[in-house]
1. I want to confirm something. Restricting to region 192-205 and keeping residues that are aliphatic (A, V, I, L, M) and out of contact with any helix residue (DSSP H, G or I) (no Cβ under 8 Å at 6 or more places or on another chain), which single residue is farthest from Val258 (Cα to Cα)?
2. Could you please give the count of residues in region 138-153 that are part of a helix (DSSP H, G or I) and within 30 Å of Lys16 (Cα to Cα)?
3. How many residues are at pLDDT 90 or above and not aliphatic (A, V, I, L, M) if we restrict to region 52-66?
4. Could you tell me how many of the residues in region 102-124 are in a helix (DSSP H, G or I), touching a residue at least 40 places away in the same chain (Cβ under 8 Å) and of a type outside the set (D, E, K, R)?
5. Only helices (runs of 4 or more DSSP H) wholly contained in region 1-98 count here; list those with 1 or more residues that are of a type in the set (S, T, N, Q), within 18 Å of the chain's Cα centre (by Cα) and under 18 Å from Ser186 (Cβ atoms).
6. Evaluate the following for Leu176: is it out of contact with any Ser or Thr (no Cβ under 8 Å at 6 or more places or on another chain) and surrounded by 13 or more Cβ atoms within 10 Å (Cβ to Cβ)?
7. For region 218-235, which residues satisfy the criterion of being surrounded by 13 or more Cβ atoms within 10 Å (Cβ to Cβ) and either assigned to a helix (DSSP H, G or I) or not hydrophobic (A, V, I, L, M, F, W, C) (or both)?
Amino acid sequence: MKIFTTKKALTEHLEKLRGEGYTIGFVPTMGALHQGHLSLLASAQRQSDVTVCSIFVNPTQFNDPKDLEKYPRPIESDIAKLEQAGCDILFNPGVDEMYAPDEQWHLDLGELETLLEGKFRPGHYQGVTQVVYKLFDIVKPDLAFFGQKDYQQFLIIHRMIDLLKLQVKLVMCPILREPDGLAMSSRNIHLSAEDRQHAIVLSKTLNWLNENFDPNKIDLLQKECFGRINLEPSVKAEYFEIADGGNLHPAQPSTRNVVALVAAKVGNTRLIDNMILSS
């Protein structure tokens with residue numbers, strides 16, 4: 001695996017590969033890699049000739065400086081995992097390589113930016129689009145792979161691609177879960193053993209909803225799920241929404257593409273999860 005820390009060296013290397021006719025598959029991450037990330041890499045390997053993974057903890061998408069400070073950065077372990085998984089290229093830049101001083105960015109993402117995650121993390125998706133645009137501009141991938149767990153982020157990046165007319169195809173990859181159902185996340189390492197047990201209520205509730213889903217009882221089901229999560233010790237739901245999978249508006253009985261999305265604090269750790277109910 002080749003490791004690059006500068007934009008210039010990476011773009012020169014990729015231009016050469018592109019000139020030889022290779023397709024580029026890209027997996028952008030913030031590190032603290034787990035099997036979920038590696039499943040994205042595996043998808044990229046199946047669908048493209050050269051796989052590029054980036055590890056960059058992006059400061060502009062954190063609302064809370066403490067959250068940024070405590071975000072895990074096990075770079076040596078991450079490199080070992082990528083090498084073992086057969087990744088071709090790692091891009092691991094510093095903040096100064098990615099951002100100029102006092103750099104400004106704003107993209108009109110519409111109401112999608114203010115719903116659900118956007119409501120609870122104002123400004124978050126401006127930071128996400130800012131860094132993903134930079135990474136796309138550097139890597140110029142044919143395909144970019146993102147996890148379903150960040151469902152709203154996938155929609156946001158899709159909107160950015162449409163707005164800026166970028167030549168990249170997005171691929172959504174399924175959520176990977178622990179054997180007990182907990183969605184894999186870099187944040188899971190912050191859970192105490194007790195909180196880890198309580199966190200399972202998120203996937204349990206989504207599974208219950210999937211088994212009992214009735215498009216004519218959406219409001220009742222949504223309230224029931226919100227209540228189930230809040231009954232769990234040390235767990236406080238921020239939202240539980242049964243939504244239109246295309247725009248995240250509240251789902252209606254006639255909605256074809258339905259997704260349930262949840263965010264909750266488990267102890268001091270904020271987790272998100274979702275499940276596609278119909279598509």
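The values are calculated or read from the model by the stated rules, or taken from the named source; none is laboratory data. In this text the structure is predicted, and so the values were computed from the model without any measurement. Glycine also receives a Cβ, built like all others from the backbone with ideal geometry; neighbour counts cover every protein chain displayed.
1. Looking at residues that are aliphatic (A, V, I, L, M) and out of contact with any helix residue (DSSP H, G or I) (no Cβ under 8 Å at 6 or more places or on another chain), I get Ala193.
2. 2
3. Counting residues in region 52-66 that are at pLDDT 90 or above and not aliphatic (A, V, I, L, M) gives 8.
4. Of the residues in region 102-124, 4 are in a helix (DSSP H, G or I), touching a residue at least 40 places away in the same chain (Cβ under 8 Å) and of a type outside the set (D, E, K, R).
5. 35-47
6. The answer is no for Leu176.
7. Ile218, Leu221, Gln222, Glu224, Cys225, Phe226, Arg228, Ile229, Asn230, Glu232, Ser234 - these are the residues of region 218-235 that are surrounded by 13 or more Cβ atoms within 10 Å (Cβ to Cβ) and either assigned to a helix (DSSP H, G or I) or not hydrophobic (A, V, I, L, M, F, W, C) (or both).
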